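Taking it in order: structure first as structure tokens, then the write-up.
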Amino acid sequence: MSITAATVLPPRTFRDVWLISAGHGLTHWYPATFYVLLPLIGKELGLSYTQIGFLMSAQHIAGALSNLPGGMLVDAIGKKGYLMAASLFWVGFPYALMSLTHSMWMLVGCVILVGIGNNLWHPAAIPTLAHQYPQRKGLVLSFHGMGGNVGEALAPLAAGALLAWFSWREVVVINIVPGLVMATLILVMVGALGTNQGGKNKKEDKKDGVNAGNDRQWSARQYLHDLGTLMRDRTLMLICISGGFRTLTQVGLMVFLPVYLAYEQGYSPIAVGVCMTVLQVAGFIAGPIAGHVSDKVGRRQVVMSSMVLTGLTIIGMVFAGQSFLFIIFVALVGFFLYAMRPVMQAWAVENTPKRLAGTGVGLQFTILAIGGGIAPATFGIIADTWNVYAGFYFLAGTIIAANLLVVFVPKTAHNPAA
């Protein structure tokens, strides 16, 4: 038993866990910064709610189109460290290009580039962590999720503070520095990441098909066959589609909560940053708790409870208005909304063949990106047609729809403790 445990959880891999989690934080840092800058950009360019929604939908649609090819690329190449470093650079650089934009369509071009680059990260990072810790996927992926929460928590504060001295155009240029540093760090340490994937378990990995991309020629026909196999898996697809609705709720909230606070409530940029940080700090706390509990009691219970409470707290946030309760409800929304994210990722990985790990994550995030692409444009149209509060009720409804789908996930799905 001790030999198996040492093989599954080698102490040296924790360095990789923290490195990958920190890199994940940077992939979320940039969008979180942009959300704080968006009200200023919208006012300068004269954008309506619908135009702001279309802008962010374009980014997620680009992600939806690039996610699956990104997952296939990971399975075929297997150089996960290099792909993660490339993703970090690709995410940061287009934001710097935004400093040159003077029209909505130039801005759309930049966010499309961001959407493509950002989706190389997850197919490389999530299977790497999940397969190094097969008995503790929920907990390890919650650490990865925590990295994203840290990035999203610190970025609004940093952006709000920088806006006190610089224009938004100068901020997006300054903001590229952290991504370049982290991409370089991952490149320097990429050798360690590479050896961890082979090493002592090379024969076992080959048996499972992990190294299939290196041992046999993968063709487009083979990829399509494997993709069809995944898409016919009812359990996996229900988990992914439910996750798509959850992402729809999250993206709609992340895009329009700052706009709502700035336009409707008159908050300053630093105050908007504080509110968004509260949302992420709550998510940071929730991730490891939910991940650990899901490893013990199962994914379904944690996901369903979190979804119900997310819907209720979004409605409570709307009713709270400008009172202090608003901040409390924002924190509760962040806690329950982000608690389920690593759990659903672990749940999906458990129902994906190991040799198709990258493709499976690519498929999952394609569906998530479709949900994210629907959210901003739909919210913007609802807000312009009725009011912004109707948009928040719409988001509460989407998380309820996500929960209904979880009900139909077969209870014979893979048990995390098995």
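The values are calculated or read from the model by the stated rules, or taken from the named source; none is laboratory data. Just so it is clear, the structure is predicted and the values come from calculations on it, not from any experiment. Neighbour counts run over all protein chains shown; Cβ positions are idealised from the backbone, glycine included.
Taken over the stretch 358-395, the criterion of being more than 18 Å from Ala58 (Cα to Cα), within 14 Å of the chain's Cα centre (by Cα) and of a type in the set (S, T, N, Q) is satisfied by Gln364 alone.
The C-beta contact set for the stretch 270-288 (first residue in a helix (DSSP H, G or I), second residue at pLDDT 80 or above and of a type in the set (S, T, N, Q), distance under 9 angstrom, 6+ apart or interchain) comprises Ala286/Ser306.
Every condition in (1) modelled with pLDDT of 75 or more; (2) surrounded by fewer than 24 Cβ atoms within 10 Å (Cβ to Cβ); (3) touching a Pro at 6+ places or on another chain (Cβ under 7 Å) is met by Met106 except one, and the failing one is (3). Kindly check whether there is at least one residue in the stretch 344-360 that is surrounded by fewer than 24 Cβ atoms within 10 Å (Cβ to Cβ), of a type outside the set (S, T, N, Q) and not in a helix (DSSP H, G or I). There is at least one residue in the stretch 344-360 that is surrounded by fewer than 24 Cβ atoms within 10 Å (Cβ to Cβ), of a type outside the set (S, T, N, Q) and not in a helix (DSSP H, G or I).
Of all the numbered requirements in (1) touching a residue at least 12 places away in the same chain (Cβ under 8 Å); (2) closer than 24 Å to Leu238 by Cβ; (3) not acidic (Asp, Glu), Leu404 misses one, and that requirement is (1).
Which residues, counting only those in the stretch 244-270, are under 12 Å from the mean Cα position of the chain (by Cα) and of a type in the set (D, E, K, R)? The answer is Arg246, and nothing else. Of all the criteria given as (1) over 21 Å from Leu337 (Cα atoms); (2) charged (D, E, K, R); (3) at pLDDT 75 or above, the one not satisfied by Lys200 is (3).
In the stretch 349-367, the residues that are within 14 Å of Met231 (Cβ to Cβ) form Cβ pairs under 7 Å with partners that are among the β-branched types (Val, Ile, Thr) and outside any helix (DSSP H, G or I), at six or more places apart or across chains, as follows: Gly360/Thr352.
Within the stretch 270-326, being farther than 29 Å from Asn351 by Cα and out of contact with any helix residue (DSSP H, G or I) (no Cβ under 9 Å at 6 or more places or on another chain) holds for Gly321, Gln322, Ser323, Phe324.
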